[in-house]
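Notes to accompany the following structure.
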Amino acid sequence: MDAQRNDDANHDAGDAAGASDAAGAEAALVSRLNLIEDQPLASRADAYSQVHDELRAELEGGDVQRHG
């Protein structure tokens, strides 16, 4: 029974760390998008294209099956 409690506690701690990482990544993205919005139109288009490419690569990378 104690092993189950330890597993649950470790899982909850991992969830909290993951949520914290996600919140930090979201805040960084919002900050980056705000900086892009302050740029001239031509620069914004290039910057948004770069953000799009990075997000797409990250999302598509999640489709790769990892072994280990």
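The values are calculated or read from the model by the stated rules, or taken from the named source; none is laboratory data. All values derive from a computational prediction rather than experimental measurement. Here Cβ is always computed from backbone atoms with ideal geometry, including for glycine, and neighbour counts include all displayed protein chains.
Structure notes:
- Among (1) surrounded by fewer than 10 Cβ atoms within 10 Å (Cβ to Cβ); (2) modelled with pLDDT under 90; (3) part of a helix (DSSP H, G or I); (4) acidic (Asp, Glu), the one test that Glu60 misses: (2)
- Ser43 vs. criteria surrounded by 10 or more Cβ atoms within 10 Å (Cβ to Cβ), at pLDDT 90 or above, hydroxyl-bearing (Ser, Thr, Tyr) and farther than 18 Å from Leu59 by Cα: yes
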